[in-house]
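To start, the structure under review is shown below, and the notes come after it.
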Protein chains: 2
Amino acid sequence: MIGIFDSGVGGMTVAHAVEKALPGFDLVYFGDLARTPYGSKSPDTIRRYTQQNIDFLISKGAQLIIIACNSAASVTTEEMLSGYTLPIFDVITPAVQRVLSMVGKSDSKSKVGIIGTRATVKSGIYSRKIEAAAPHCRVIAQECPLLVPLVEEGWLDKRETKMIVRRYLHPLRTLQIDALVLGCTHYPLLKKLIQPRIGNRVKIIDSSEEVSASVQSYLEAHPTLKNSLSQNGGNRFYVSDITEAALATARKIFGRRIDLLKT
Amino acid sequence: MIGIFDSGVGGMTVAHAVEKALPGFDLVYFGDLARTPYGSKSPDTIRRYTQQNIDFLISKGAQLIIIACNSAASVTTEEMLSGYTLPIFDVITPAVQRVLSMVGKSDSKSKVGIIGTRATVKSGIYSRKIEAAAPHCRVIAQECPLLVPLVEEGWLDKRETKMIVRRYLHPLRTLQIDALVLGCTHYPLLKKLIQPRIGNRVKIIDSSEEVSASVQSYLEAHPTLKNSLSQNGGNRFYVSDITEAALATARKIFGRRIDLLKT
């Protein structure tokens with residue numbers, strides 16, 4: 001099975017993208033709703049939770065794992081993952097690769113904006129990875145801690161949400177960035193609000209879509225693994241806590257009712 | 001020692017009120033920052049955390065405990081507390097008593113508004129307690145799930161916060177309530193925004209102040225316990241995670257630097 005985890009239900013945007021890219025393959029999802037959100041917690045705490053979540057997915061039969069939470073991915077270290085033999089994907093690497101393929105090796109300066117939680121932005125991971133491979137590229141990261149609660153409340157089209165999005169994006173707009181990475185799996189739900197406020201000429205990179213494309217390519221290149229993945233039409237969504245708001249957001253993401261299983 | 005816990009740093013408004021009401025008495029505080037917030041989680045999960053937090057405070061020498069989190073207090077049952085021999089206070093009971101003393105036994109209808117997290121409002125505890133003792137009183141509760149994240153971000157005077165406060169208070173204002181209970185320990189930090197938006201004639205009841213007054217009266221009536229409480233000038237603030245935002249909010253509440261100890 002393909003294992004996916006997030007601090008809550010935001011990572012379901014990744015699960016939904018994987019479902020579309022790899023129809024028929026079984027998914028096992030874990031949303032840590034009893035401890036959500038991760039983005040405002042410390043790196044040590046997030047690392048501890050990440051390790052527990054990976055172990056949980058393996059115990060449920062995952063043969064490949066996607067860390068569908070930018071906050072978790074941003075503090076995960078190679079050392080942490082070195083003990084695992086299964087492939088582990090995260091939402092950050094494919095988004096960075098997409099940025100690099102866009103800015104190319106041009107001599108002209110490109111400006112790339114990143115929006116994410118406080119944990120993701122403070123980690124500096126996007127800037128480090130992009131600037132290491134493309135030194136001519138300038139990366140500007142903006143933390144947007146209120147967007148996750150706004151999305152979880154379902155305030156996707158409220159005036160206050162538009163104002164807060166505009167406030168957060170203002171510095172990036174002033175700098176006239178060329179591309180904007182949605183560095184949190186909740187943000188695709190706000191894409192329609194973000195595009196006009198950052199400017200229509202700015203290319204938006206959605207880390208959920210990038211990681212599902214990346215997993216798809218990997219499986220094409222590794223047919224033995226691909227053929228061993230189960231295809232019984234049985235996606236399972238585990239959560240450490242069940243709330244009505246989570247059920248509503250899951251329904252919004254998938255466009256259908258999602259049964260949540262309490263761990 | 002006097003033990004106090006909350007899901008995060010909001011309960012420090014209670015600790016600060018207790019410090020002023022009972023100067024010199026040692027406090028031991030616990031803020032569950034690794035799992036904050038509680039208000040959007042399920043009653044079962046919040047109950048489990050509450051029990052763990054009470055046990056932690058007892059292990060640190062608490063002789064009296066204050067549940068300084070409305071979400072935790074709203075789902076706590078008598079059965080849960082029946083095993084403990086030390087006195088346990090919560091933020092809800094004293095606020096309810098204040099409401100009852102205000103509305104009196106008048107035949108005229110009083111209307112009381114309650115604002116709180118989703119968990120607190122869904123529990124219906126304020127309505128049940130007030131209406132049981134004062135059937136002529138009408139209680140209207142409004143959940144305000146975005147106020148905790150806004151306070152934790154320090155957005156105490158931003159335009160968006162004012163708009164969101166106005167939006168949440170609108171139904172209560174239309175009903176012309178007589179009193180408003182701040183049913184979350186974060187909300188005293190927004191009192192200046194709330195008063196003009198609910199109307200200056202509406203009496204605001206702050207559960208943090210009520211519970212500290214209630215503990216003070218209890219100790220006056222129980223001098224043996226009062227005399228046995230330590231007074232070594234050593235307040236300790238434990239947290240399950242340390243973040244800069246928490247340090248900043250703690251400083252805002254106390255008006256001085258607070259050292260947080262990681263459990």
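Overview of results
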item: Buried solvent-accessible surface, both chains (A, B), 1.4 Å probe, Å² to nearest 100; result: 2500
item: Rounded to 10°, Cα long-axis angle of helix B:92-103 versus longest principal axis of chain B; result: 40
item: Straight-distance crosslink candidates among lysines, where the alpha carbon sits under 27 Å from A:Lys60 and sequence neighbours closer than 8 are dropped; result: A:Lys20, A:Lys41, A:Lys226, A:Lys252, A:Lys262, B:Lys41
item: Portion, in percent, of the accessible area of the protein assembly as shown that falls on carbon or sulfur, probe 1.4 Å; result: 50
item: Long-range lysine pairs (8 or more apart or interchain), the stretch B:92-207, Cα under 20 Å; result: 16
item: Geometric extent, Cα atoms of the stretch A:92-207 - Rg, Dmax (angstrom); result: 13.5, 44
item: Exposed-loop-free span, longest in chain B, where trypsin sites (Lys or Arg not before Pro) count as exposed if DSSP calls them loop and at most 12 other C-beta atoms lie within 10 Å; result: B:1-104
item: Tilt relative to chain A, helix A:207-221 - C-alpha long axis, 0 to 90 degrees, to 10; result: 50
item: Exam field: A:Gly199 pseudo-label spacings to other copies (7 Å along Cα-Cβ), nanometres; result: 4.8
item: Calculated label separations, A:Gly233, copies of the chain, 7 Å along the beta-carbon direction, nm; result: 7.4
item: Inter-copy separations for A:Leu175, label at 7 Å along Cα-Cβ, nm, ascending; result: 4.7
item: Distance between modelled label sites at B:Gln63 and B:Glu220, nm, 7 Å Cα→Cβ extension; result: 2.0
item: Spacing of the two label points (7 Å from each Cα toward its C-beta) at B:Lys192 and A:Glu131, in nm; result: 3.7
item: Å² per residue, accessible surface of the stretch A:92-207 at 1.4 Å; result: 42
item: 1.4 Å probe, heavy atoms, protein only - residues of the stretch A:111-156 losing at least 40 Å² accessible area vs chain alone; result: A:Arg118, A:Leu146, A:Glu153, A:Trp155
item: Shielding by other protein chains, A:160-172, mean Cβ within 10 Å; result: 2
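The values are calculated or read from the model by the stated rules, or taken from the named source; none is laboratory data. Computed from a predicted model, the values in this text were never measured in an experiment. Glycine also receives a Cβ, built like all others from the backbone with ideal geometry; neighbour counts cover every protein chain displayed. Side chains are part of the model used for accessible areas, which takes the heavy atoms of the whole protein and leaves out ligands, DNA and RNA. Shrake-Rupley method; radii C 1.70, N 1.55, O 1.52, S 1.80 Å.
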